[in-house]
Amino acid sequence: MSTAPHTVKRRFMFSAAHRLPQVDEDHKCHYVHGHNYTVDVEISTVSLDERNFVLDFKDLEFFEEFLRNEFDHKLLVWEKDEKLVQVAFQNTDIFKVKVIPVTPTCEELAELFALYVTSVISTMLSKDFKVRVTVWESDKSCASYETKLT
């Protein structure tokens, strides 16, 4: 039996708008704009299950539903962005708002998603595994976050 990890990867997509209030006003990301995000979820383990899977790809459908229901075509608002919180909630007829506890950077979204995926699949997998989530905001720019459960 190999000690090298096996990895499965599934790709997901969603569209959302956001702004980064923590950057200077001369930075284009300071203002509301949108992305067609791609999210890669990778699960790695040394031990395959009785089917010789890391896990069944369909076992990741929960994440697709999560993205669709919670993030797709939403305005992602950092809970501490007082200006955008006020504007967004005064205009719920034109905004679908998702308030999040982190700034909506690729780095922070990757961490948020990795922790969520880890919490859900930890109930499915009874072995050591690693989760790596990569969030792409364009075909050139991405950030990743990795968790391990042993």
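How large is ³J(HN,Hα), in whole Hz, for each residue of segment 67-82 in order, when computed from phi with the Karplus curve 6.51 cos²θ - 1.76 cosθ + 1.60 and θ = phi - 60°, using x for Gly and Pro?
Values, residue by residue: 4, 4, 6, 9, 10, 5, 6, 10, 8, 7, 10, 5, 4, 9, 8, 4 Hz.
Shape call for segment 93-145 from the C-alpha gyration tensor, a ≥ b ≥ c root eigenvalues: rounded (a/c under 1.5), prolate (a/b greater than b/c) or oblate? It would help to have the intermediate numbers written out before the result.
Working: a/c = 2.86, a/b = 1.52, b/c = 1.87.
Verdict is oblate for segment 93-145.
With θ set to phi - 60°, apply the Karplus curve 6.51 cos²θ - 1.76 cosθ + 1.60 along segment 101-115 and write out the HN-Hα couplings as whole Hz, x wherever there is a Gly or Pro.
Using θ = phi - 60°, the values come out as x, 10, 5, x, 7, 4, 4, 6, 5, 4, 5, 4, 5, 5, 5 Hz.
Under 19 Å between alpha carbons, and skipping anything fewer than 8 positions from Lys130 in its own chain: which lysines qualify?
Output for Lys130: Lys9, Lys58, Lys148.
Only counting other Cβ atoms within 10 Å, I'd like Ile94, Ile43, Ile121 sorted with the fewest neighbours first.
Values: Ile94 8, Ile43 25, Ile121 20.
Placing the least packed residue first, the sequence is Ile94, Ile121, Ile43.
Compare Leu48, Leu84, Leu112 in a GNM of the chain, Cα atoms joined below 10 Å, and give the one with the largest fluctuation.
Leu48
Check the straight Cα-Cα distances from Lys83 and name the lysines below 29 Å, setting aside those fewer than 8 residues away within the same chain.
Lys28, Lys74, Lys96, Lys98
Starting from 0.36 nm per residue, how many nanometres of slack lie between Phe89 and Arg68 once their C-alpha separation is accounted for?
Details: separation 21, 0.36 × 21 = 7.56 nm, distance 2.07 nm.
So the extension gain works out to 5.5 nm.
Please report the antiparallel percentage of the DSSP beta bridges confined to segment 18-150, to the nearest 5.
Numbers: 16 of 21 bridges.
For segment 18-150, the DSSP antiparallel bridge percentage is about 75.
Pick the calculated Rg and Dmax of the Cα atoms in Å for this structure from (1) 14.2, 41; (2) 18.6, 58; (3) 17.2, 59?
(3)
In whole Hz, what ³J(HN,Hα) sequence does segment 16-25 give by Karplus (6.51, -1.76, 1.60; θ = phi - 60°), x for Gly and Pro?
In residue order, the calculated couplings are 7, 10, 6, 8, 10, x, 7, 9, 4, 5 Hz.
Could you list which residues have their amide H under 5 Å from that of Lys96, counting only those 5 or more apart in sequence or on another chain, with H placed in the peptide plane?
Excluding prolines and chain starts, which carry no amide H, the hits are Leu75.
Any read-out appearing in this document is the output of simple, stated calculations on the displayed coordinates, not a laboratory observation. Note that the structure is predicted; figures quoted are calculated from it, not measured. Note that we place each Cβ from the backbone using ideal geometry, even for glycine, and neighbour counts take in every protein chain shown.
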